[in-house]
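Step one of this worksheet: look at the structure below.
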Amino acid sequence: MIEQRPAVQSGISVDSVEDGAIIVLAVHGRWSVTLRIETFNVLRRCLTAHPAGLLIDLTGLDDPEALSLPAGAKAAPCAAGREVPA
């Protein structure tokens, strides 16, 4: 029997510690093209803040077919290519 999960609205939430040094980007709901585009748009905005750390929380992501894998592989180079302000 396949486990049925309750429907969760897809989306992203962003939180940070008080000083903004660490940003937590949480992706939740069913993975889709729309959620992928939204995730990368929010990721780019988070990186413009030049946080000391960025945590991407995927625990709420519903992706049984692992369709988000290519997007995850592109996230690290996206972050690594950012210049740190002097």
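The values are calculated or read from the model by the stated rules, or taken from the named source; none is laboratory data. None of the values given here were measured: they were computed from a predicted structure. Please note: Cβ atoms are built from the backbone with ideal geometry, for glycine as well, and neighbour counts cover all protein chains shown.
Structural remarks
- Residues in segment 20-42 that are under 23 Å from Gly53 (Cβ atoms) and not in a helix (DSSP H, G or I): Gly20, Ala21, Ile22, Ile23, Val24, Leu25, Ala26, Val27, His28.
- When each of Pro64, Pro51 is tested for being surrounded by 14 or more Cβ atoms within 10 Å (Cβ to Cβ), at negative phi and assigned to a loop (DSSP other than H, G, I, E, B), the lone residue that passes is Pro51.
- Test: Thr59 is closer than 19 Å to Pro77 by Cβ and of a type in the set (Ser, Thr, Tyr): no
- Residue in segment 54-61 that is at pLDDT 85 or above, closer than 16 Å to Ser13 by Cα and more than 11 Å from the chain's Cα centre (by Cα) present: no
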